[in-house]
Amino acid sequence: MSSMISTSDRILDVAQSLVVTGGYNGFSYADISDAVGIRKASIHHHFPTKAELVSALVDRYRQQTELGLNSLQEQFSSPVEQLQAYLNFWQACIRDASLPFCLCAMLAGEMPMLPDEVASRVRGYFQGLARWLATVLQAGAEQHLFRLDKRPDEEAQMLMASVHGAMLSARAFGDPELFATIVDAQIGRLLTADR
């Protein structure tokens, strides 16, 4: 089955793991070469520059995220269930270390040092996520499931910051359960008493 995965996908998979672990400047093509078992020249053939590699990585990550979010809306009719499924995804990834940190959150911490082509894609990721969260929160408010103290787009920004801050706290303290403690409090704040 692994022979079915293209070389460029293998490169991107390894690059994603390296970025999540150490950020944009925390890896080199030599690291990828060692992990994939190909020469650096082969990596340059697929991705001539590191900025092109990470841009492609963010594009792929964003597409995967959009597919995942759309899938949540298809699987769950309730905005509460959609939001909880999104949070459960991250909680499971952090707990089992399959994806212990959001790729774009890691890159966002390096925004001043990122090439423009990467930074604009990272911004696009967060804009898309914020739109999805705002849509879910708006739908939940209209169905009297969520109590919003601010506009849906502002609540979405606060929730997004809480989720990514919870990732940081879980990482900093080496405690995956801390993620749930933080985000559950945010969800509790949003839920109406009569739902």
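May I ask you to say which residue of Gly140, Gly109, Gly124, Gly128 is under 23 Å from Thr192 (Cα atoms) and either out of contact with any Asp or Glu (no Cβ under 9 Å at 6 or more places or on another chain) or not hydrophobic (A, V, I, L, M, F, W, C) (or both)?
Checking each option against the conditions leaves just Gly140.
Going through region 109-142 one residue at a time, which ones are of a type in the set (Gly, Ala, Ser) and touching a residue at least 24 places away in the same chain (Cβ under 8 Å)?
Gly109, Gly124, Gly128, Ala130, Ala139, Gly140, listed by residue number.
Filtering region 169-183 down to residues that are in contact (Cβ under 8 Å) with a residue 60 or more places away in the chain and assigned to a helix (DSSP H, G or I), which residue is surrounded by the fewest Cβ atoms within 10 Å (Cβ to Cβ)?
Among those that are in contact (Cβ under 8 Å) with a residue 60 or more places away in the chain and assigned to a helix (DSSP H, G or I), it is Glu177.
Going by the conditions given, is Pro100 over 16 Å from Leu69 (Cβ atoms) and exposed (fewer than 15 other Cβ atoms within 10 Å of the Cβ)?
Answer is no for this residue.
If Ser78 meets every condition in (1) under 30 Å from Arg147 (Cα atoms); (2) surrounded by 20 or more Cβ atoms within 10 Å (Cβ to Cβ); (3) modelled with pLDDT of 95 or more apart from one, which number is that one?
Of everything listed in (1) under 30 Å from Arg147 (Cα atoms); (2) surrounded by 20 or more Cβ atoms within 10 Å (Cβ to Cβ); (3) modelled with pLDDT of 95 or more, Ser78 misses just condition (2).
Residues in region 81-122 that are among the β-branched types (Val, Ile, Thr) and modelled with pLDDT of 95 or more: how many?
Within region 81-122, residues that are among the β-branched types (Val, Ile, Thr) and modelled with pLDDT of 95 or more number 2.
Could you check region 64-99 and list, in sequence order, the residues that are part of a helix (DSSP H, G or I) and farther than 18 Å from Leu133 by Cβ?
Ala92, Ile94, Arg95, Asp96, listed by residue number.
Any chance region 89-96 includes a residue that's over 14 Å from the mean Cα position of the chain (by Cα), over 21 Å from Val54 (Cα atoms), touching a residue at least 60 places away in the same chain (Cβ under 8 Å) and surrounded by fewer than 21 Cβ atoms within 10 Å (Cβ to Cβ)?
yes
Identify all residues within region 1-24 that are in contact with an Asp or Glu (Cβ under 7 Å, 6 or more places away or on another chain) and either modelled with pLDDT under 95 or not aromatic (Phe, Trp, Tyr) (or both); write none if there are none.
Matches in region 1-24: Leu18, Gly23.
Select from region 1-34 the residues that are hydrophobic (A, V, I, L, M, F, W, C), within 23 Å of Gln64 (Cα to Cα) and in a helix (DSSP H, G or I) and list them in ascending order.
Matches in region 1-34: Met4, Ile11, Leu12, Val14, Ala15, Leu18, Val19, Val20, Ile32.
The values are calculated or read from the model by the stated rules, or taken from the named source; none is laboratory data. Given the structure is predicted, the values throughout are model-derived calculations rather than measurements. Don't worry about glycine lacking a Cβ; one is built from the backbone with ideal geometry, like all the others, and counts go over all protein chains shown.
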